[in-house]
There are 4 protein chains.
Amino acid sequence: MMTSSGPIRRVALLTSGGDAPGLNAVIRAFVKTARLEFGWDVYGVEDGFEGLIGKPKIRPLDLSDVRGLLPMGGTILGSTNKGHFSSFEIVEGRRVHDPAALNAVCETVRKLRIDGLVVLGGEGSQAIALDLYENGVPTVGVPKTIDNDLGGTDMTFGFHTALWVATDAIDRLHSTAASHDRVMVLEVMGRHAGWIALYAGIGGGADVILIPEIPFTFEAVADKILEREAHGTEFSIIVVAEGATPAGGTAVYQSEHEKRLGGIGQSVAEEVQRRTGKETRVVVLGHLQRGGSPTPSDRVLATRFGVAAAKAIAERKFGQMVALRCGQLTTVPLREVAGIVRGVPVDSDLISTARALGISMGDERG
Amino acid sequence: MMTSSGPIRRVALLTSGGDAPGLNAVIRAFVKTARLEFGWDVYGVEDGFEGLIGKPKIRPLDLSDVRGLLPMGGTILGSTNKGHFSSFEIVEGRRVHDPAALNAVCETVRKLRIDGLVVLGGEGSQAIALDLYENGVPTVGVPKTIDNDLGGTDMTFGFHTALWVATDAIDRLHSTAASHDRVMVLEVMGRHAGWIALYAGIGGGADVILIPEIPFTFEAVADKILEREAHGTEFSIIVVAEGATPAGGTAVYQSEHEKRLGGIGQSVAEEVQRRTGKETRVVVLGHLQRGGSPTPSDRVLATRFGVAAAKAIAERKFGQMVALRCGQLTTVPLREVAGIVRGVPVDSDLISTARALGISMGDERG
Amino acid sequence: MMTSSGPIRRVALLTSGGDAPGLNAVIRAFVKTARLEFGWDVYGVEDGFEGLIGKPKIRPLDLSDVRGLLPMGGTILGSTNKGHFSSFEIVEGRRVHDPAALNAVCETVRKLRIDGLVVLGGEGSQAIALDLYENGVPTVGVPKTIDNDLGGTDMTFGFHTALWVATDAIDRLHSTAASHDRVMVLEVMGRHAGWIALYAGIGGGADVILIPEIPFTFEAVADKILEREAHGTEFSIIVVAEGATPAGGTAVYQSEHEKRLGGIGQSVAEEVQRRTGKETRVVVLGHLQRGGSPTPSDRVLATRFGVAAAKAIAERKFGQMVALRCGQLTTVPLREVAGIVRGVPVDSDLISTARALGISMGDERG
Amino acid sequence: MMTSSGPIRRVALLTSGGDAPGLNAVIRAFVKTARLEFGWDVYGVEDGFEGLIGKPKIRPLDLSDVRGLLPMGGTILGSTNKGHFSSFEIVEGRRVHDPAALNAVCETVRKLRIDGLVVLGGEGSQAIALDLYENGVPTVGVPKTIDNDLGGTDMTFGFHTALWVATDAIDRLHSTAASHDRVMVLEVMGRHAGWIALYAGIGGGADVILIPEIPFTFEAVADKILEREAHGTEFSIIVVAEGATPAGGTAVYQSEHEKRLGGIGQSVAEEVQRRTGKETRVVVLGHLQRGGSPTPSDRVLATRFGVAAAKAIAERKFGQMVALRCGQLTTVPLREVAGIVRGVPVDSDLISTARALGISMGDERG
């Protein structure tokens, strides 16, 4: 196996899937640690796993290449959520990727004599990293998702930045809602988990929060608006995760094209307007949540992960993903996290906190 | 005429049309000046002109009512862009409003013995203020539009805040665009004038800026994207004002309902993707531009206008609107500004600045 | 004992010590939960414990009193870090407060028939809360310190906001430092613990971070600056916690008056300039770190604490403090946290992360 | 004369004096215009005029060198406010600089065959540019000062960014001041002019604003604090420009060393505390006002100036400075602006606006 050979000399890293604020901070921290602490040669792979298929798209990374990266959004390595690994089969509950593509990556890693490959990506990318590891590639995972829905780690970088953008949006919508006696609907990211919607909703003072973990009814949402009106408050704010689903319905976020024709945010707005007669407007935050300079917490977490990835390679913890658990850095086996989505537990105090404040989660409990 | 009678004792103000950051700062400054400097009784009218039709919706405003208002978005008086004056006829180039509604307002003002009525609003609201003035109501106008497109004044409050939000959005989209080799389209406000798009596009480093004042072609837009690609830059940022119109086409922003089905931003995204083959995404900023705490410049301008409105009443400059001209506060006759939209002059150095930087305005000049 | 009597009907809360962003969010969440979920009467105590000595300074708090408080900095109840409890004796390692003042508070609580008293404060205030509890007052503590240095809880609200301000300051100083080849010293809060300095230093890309937990030498600091210069980097950023202390020296932050004459930040600046010959400037952030709207995370944490405090009263968990442990809300006995300061553990990965990046902690390890 | 020769082929630019947000945006716009529109070779001079004395410190600047500069604070060319031109004599009201240094610069410009030299700097730097021009160097000035106090132009870039930082600081201090019944003193930049203090004070809702243009008395300041207390408001905010001076006193800002021992901000705090008995705290913003990403308005203005400077060279408007007058770009003779400081006119509506709101300017008018 590649992963069992001699001293570490050359390492590489790649960023996979949608971009997230903090990727560049991870790259910077990894390169600094790899160079200053371990003296390895470091290579950056461009365009995610695609850069390791066919003619390699790699470039050496030294200290001068990562100067100034800490506060920068995006990834200097480029990324893609398309390509050879974008489709897969599910066999016995596990994702099985295109064997030819896997072989191609293994072959490239072998040829380039890479002793450690860091994969920055979400649950799908970590599943690929696992497959590669089981085919002999010495991978180390770094969790990445602004949705904060990855298994094995308590927190992912990018989440706080997305939360900042979403909460700022609610703050802004409040003035207009209150001035015009309107209902404002804000659709935020979160296909499989409602972390952003729940945190931003509580932090921004929303009246209704709809998340994928709790099926909602339009009736309950409209009732809340009308209840507020009955108490003399003419405006309301609804925060809805893109993956929120009406009870008995199915998630509506599938494609970009359909999205343009209106996601769940718009459905909620239309139904609320129809049922309450109140003027209702929708704002879809979309890509604004992904971009920009990471918040201080995200920069720190990304930096810790970057350093930890280098140390994991030094300790030959291949097939593992770095993670934050109870405030401590640790590693978890890729096997335990690949393809796993971590939703908001329904017994989370965050949800009971929301309910105690009178926020409706769109279900029968109001 | 109401406007010629004795000493000023009671004044009122109302906010009309869409909300803008800074309205509360105007209210605060007006009330402070009216109370501290002139000792008048001040009344706030709720829900714009509607609050003066039928049973008056007014409340006294004293210093304690305006404490803390300076940094707050929205308007504590409420506003509406619907109601008795939302439709009008054009007679000899001038708007003619519902005479019954006008009479109702005049009657209320007379009964309440209001010696000065401040109207915070856009060109439409100033046209109503003019009509009222000509019917004997002692009105003073305060210009209000985040679009910065009002005649008679060099600048309106709310514009800098909208500019801030739009530029921040471009900054955020840059990271994603560059990381994913995408074209990002940002649709900003500006039905009749491209001030926000032009300033934000220059300030955010856009590659294409489309404004109502310059008809564009999809071909020119696509050409710019492809030209950048030919020079090795795989991503581009397009900023489009909601009122931008393809040459030979018509503006597409009419209704909220249609807007949901996609405004000009989406059309541009679809055409660019079709013509260039590049992955393209659109973000519609919408109501985010209206809300939130005003920027320092907007707070200062709003405060100056609020003080100036009180002084204009004291000097009986009725039928006038306060304005900023070359950095100086002044007043202009409502007759000269009512219903007038101030677009970006096509010979503005802002446009030639954009072109000098290589920004395409979507026309044949690239 | 007061704490063992019948059903809960009347509760009160007070804010003690320096203000922190999020206090108002706690008040809002507590009042909402107490009113909506439990139907209690709620009273706000003004000016901390002082409001319970002599003639009570209290006022009822209902839903309308807490509207709009979520994003507001400061505390509507007022606070003080002076008064009857500002001095104490240490007896057998525990603080002993003025018995007359304690009795006065007990007496007031008894007279007002308060069935639960929430104390928002730092370690000193929790020590008072403990003393009161042991004298029969049914207290529940809510941890409050922007320094994040309270025992028993993983995180306190206000910390993220202070971190934001400090990191933003470093970002700003970077441009000037780099443009002018200067050393910039930023003094941040943290008398007993270096959390703000460490997080902000890592998040802002500092070159030297000095914290109370690690005694530093001016020599090591100057060496780092000169080492950077030798490698061609002419500027450096130093972040120093106000409680950082030279090896063998003593902390210099004691009084406001002395502070004006220059705290540790200025000493560092002077020594660095003297030893390296480089132009050095110092900025003391001071009160800027305490104020302003709390960040989204701080608003959420404060809200969770506010709800948890109400639930703790309902469950009669008196003599306890609400806390966050491993992402879960819980309570800890006041006895375990009163007067306890939680510094950065010297084996924390945050410190090894900083060192791996080449950041000097000012000690012999560089 | 150098300035009269043939076609323009090579141009250079330098940044002089303290850095200001927007310098990099000017550099970017100038390089883009010079390359794309005119096809000139462009050189950047390092460390201001010093880079043209002795061995030239210059480097070619092409489009790739200015990518990403728009939102970046500072100056990639470096700057200094020390060196050969830091001292001068005043002869007949004009500054006379070291002839040897002037000759050295002329010589370098001649040898490098530079056909146009852009000088980004304040009034002092423009005086040097004028001297150089009169010695045959084809200079074009670009105004630069965050203080907004340059003659000949209505606005300078960097001012809005400084204003943003200062107003944000006041917003933050408000929460603490109100929570603790304190007086907070904020010292902002402005040695010769009170633009920042006046705008930030109005925009942040200060109670007292002290500027160099209006000598103040400690008595008037203390009276205002006491008057507020008499009306039941226990806290106050004072904004003081570093150049504000007590009536009959002299400005106290001279040296950095003295500054550390306390500038005017501290004097005000001490006198207010002494005279009113109220707890008073001071924050000196200092270098925070200079750094960070420029605001959108500053980016746009800097960009317009950069383009205009290139166009001024193309039109051979040497010995001129680009300027903004009534919203229009223009040029003014260096002779009219060199060494001129533009203070706030005492009859400015900004000052009467402040007074109308009840803000004290620290003079006998309260």
Quick check on region D:199-210. Is at least one of its residues in a helix (DSSP H, G or I), more than 9 Å from every other protein chain (Cβ to nearest Cβ) and either buried (at least 24 other Cβ atoms within 10 Å of the Cβ) or not polar (S, T, N, Q) (or both)? yes
For the list (1) more than 14 Å from chain C (Cβ to nearest Cβ); (2) out of contact with any helix residue (DSSP H, G or I) (no Cβ under 7 Å at 6 or more places or on another chain); (3) modelled with pLDDT of 95 or more, I need the number of the one condition that D:Gly265 fails. (1)
Hits in region B:33-53 (condition: more than 27 Å from A:Arg281 (Cβ to Cβ) and surrounded by fewer than 24 Cβ atoms within 10 Å (Cβ to Cβ)): B:Arg35, B:Leu36, B:Glu37, B:Phe38, B:Gly39, B:Trp40, B:Asp41, B:Tyr43
Assigned by TED's automatic domain parsing to the domain that holds C:Ile351 and at pLDDT below 95: is that true of C:Ser255 in this structure? yes
By residue number, the members of region D:292-337 that are in contact with a Gly (Cβ under 7 Å, 6 or more places away or on another chain) and free of Cβ contacts under 8 Å to residues at least 24 places away in the same chain are D:Pro296, D:Val300, D:Pro333
Looking only at region C:31-65, how many residues end up being within 17 Å of D:Ser179 (Cβ to Cβ) and among the aromatic types (Phe, Trp, Tyr)? 1
The correct count of residues that are part of a loop (DSSP other than H, G, I, E, B) and more than 18 Å from C:Pro71 (Cβ to Cβ) in region C:146-160 is 9
Counting only residues that are assigned to a loop (DSSP other than H, G, I, E, B) and at the interface with another protein chain (Cβ under 10 Å from one of its Cβ atoms), which one in region B:18-32 is surrounded by the most Cβ atoms within 10 Å (Cβ to Cβ)? B:Ala20
Report yes if some residue within region C:107-117 is in contact with a Phe, Trp or Tyr (Cβ under 8 Å, 6 or more places away or on another chain), assigned to a loop (DSSP other than H, G, I, E, B) and within 14 Å of chain D (Cβ to nearest Cβ); otherwise report no. no
State the number of residues belonging to region D:269-325 that are surrounded by fewer than 20 Cβ atoms within 10 Å (Cβ to Cβ), in a loop (DSSP other than H, G, I, E, B) and either in contact with a Lys or Arg (Cβ under 8 Å, 6 or more places away or on another chain) or not assigned by TED's automatic domain parsing to the domain that holds D:Gly68 (or both). 3
Go through (1) part of a strand (DSSP E or B); (2) under 30 Å from B:Asp171 (Cβ atoms); (3) not acidic (Asp, Glu) and name the single condition A:Val140 misses. (2)
Quick one: is C:Leu14 at pLDDT 95 or above, crowded, with 19+ Cβ neighbours inside 10 Å and either out of contact with any Ser or Thr (no Cβ under 9 Å at 6 or more places or on another chain) or outside any loop (DSSP other than H, G, I, E, B) (or both)? yes
Positions within region B:179-193 being at pLDDT below 95 and crowded, with 24+ Cβ neighbours inside 10 Å, in sequence order: B:Ser179, B:His180
Could you check how many residues of region A:33-50 are within 13 Å of chain B (Cβ to nearest Cβ) and assigned to a helix (DSSP H, G or I)? 2
Here the qualifying pairs (Cβ atoms under 9 Å; residues six or more apart or on different chains; first in region A:69-83 and under 22 Å from A:Gln126 (Cα atoms); second assigned to a loop (DSSP other than H, G, I, E, B) and hydroxyl-bearing (Ser, Thr, Tyr)) come out as A:Gly73/A:Ser293; A:Ser79/A:Ser16; A:Thr80/A:Ser16; A:Thr80/A:Ser86; A:Asn81/A:Ser16
Residue list for region C:332-366, restricted to those being within 12 Å of chain A (Cβ to nearest Cβ) and not aliphatic (A, V, I, L, M): C:Arg342, C:Pro345, C:Asp347, C:Ser348, C:Asp349, C:Ser352, C:Thr353, C:Arg355, C:Gly358, C:Gly366
Would you mention how many residues in region C:18-59 are touching a His at 6+ places or on another chain (Cβ under 8 Å) and among the aromatic types (Phe, Trp, Tyr)? 1
Can you pull out every residue in region D:65-86 that is surrounded by fewer than 22 Cβ atoms within 10 Å (Cβ to Cβ) and not in a loop (DSSP other than H, G, I, E, B)? D:Asp65
A:Phe30 - would you say it is modelled with pLDDT of 95 or more, more than 27 Å from C:Asp207 (Cα to Cα) and in contact with a Gly (Cβ under 7 Å, 6 or more places away or on another chain)? no
Within region C:57-64, identify whether any single residue is within 14 Å of chain D (Cβ to nearest Cβ), assigned to a loop (DSSP other than H, G, I, E, B) and modelled with pLDDT under 95, and answer yes or no. no
Name every residue in region D:120-170 that is of a type outside the set (S, T, N, Q), under 30 Å from C:Pro294 (Cβ atoms) and modelled with pLDDT of 95 or more, in order of residue number. D:Gly158, D:Phe159, D:His160, D:Ala162, D:Leu163, D:Trp164, D:Val165, D:Ala166, D:Asp168, D:Ala169, D:Ile170
Taking the options D:Thr176, D:Thr233, name whichever one is in a helix (DSSP H, G or I) and at pLDDT below 95. D:Thr176
Could you check region A:335-355 and list, in sequence order, the residues that are in a helix (DSSP H, G or I) and more than 30 Å from A:His97 (Cα to Cα)? A:Asp349, A:Leu350, A:Ile351, A:Ser352, A:Thr353, A:Ala354, A:Arg355
Return yes when C:Gly286 is more than 27 Å from C:Gly152 (Cβ to Cβ), within 22 Å of the chain's Cα centre (by Cα) and within 11 Å of another protein chain (Cβ to nearest Cβ) and no when it is not. yes
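The values are calculated or read from the model by the stated rules, or taken from the named source; none is laboratory data. Since we're looking at a predicted model, the values are computed, not measured. As a convention, Cβ positions derive from the backbone with ideal geometry for all residues, glycine included, and neighbour counts pool all protein chains shown.
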